[in-house]
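Accompanying notes for the structure given below.
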């Protein structure tokens with residue numbers, strides 16, 4: 001029997017929902033999904049502060065749990081819980097370092113949508129798979145008011161513009 005590939009997820013790849021897509025497509029059927037506690041704690045902290053990526057990420061983890069159960073893929077959480085110092089230094093890359101430590105300790109592949117995380121991981125000798133985040137853009141609402149011959153918008157605060165067709 002082939003040994004399952006250990007896939008370690010960082011925060012960016014979870015928020016991007018790419019792993020769920022890969023599981024649904026059958027691309028990761030022979031894998032074990034590993035989520036560092038640093039990722040879980042970071043998502044929880046973001047959600048507790050009312051930040052959308054935290055809620056998106058936690059929702060995605062619930063979705064991953066369900067998909068893994070359906071597809072008989074092992075999903076587990078491991079690693080060191082971040083200390084207060086780690087949390088204070090999060091913007092300096094401390095949380096990312098904890099995530100890379102799990103990837104190295106597990107001998108797995110770190111999946112990330114964060115280019116800097118991928119570069120640092122490779123520099124440290126970790127196995128890394130960088131999957132760039134998809135840019136999802138539907139355009140901005142105000143763009144509907146501009147045509148090729150529009151020069152300016154003379155609207156005043158509180159005014160509701162009429163859209164002519």
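Read the figures in this text as sums done on the coordinates, not as results from a lab. Predicted, not measured: the structure shown is a model, and the values here were computed from it. Quick reminder, even Gly has a Cβ in these numbers, built from the backbone with ideal geometry, and neighbours come from all protein chains shown.
For the pair residue 49 and residue 77, a Förster radius of 25 Å applied to the C-beta separation gives a FRET efficiency near 0.70, rounded to the nearest 0.05. Computed over the stretch 16-96, relative contact order equals 37 percent, with contacts defined as Cα pairs under 8 Å that lie 6+ residues apart. Subtracting the Cα-Cα distance of residue 30 and residue 3 from 0.36 nm times their residue separation leaves 8.9 nm of extension gain.
Volume per residue for the stretch 5-130 equals 92 cubic angstrom (convex hull of Cα atoms). If the chain linking residue 149 and residue 105 were pulled fully straight, counting 0.36 nm for each residue of separation and taking away their Cα-Cα distance, it would gain 9.9 nm.
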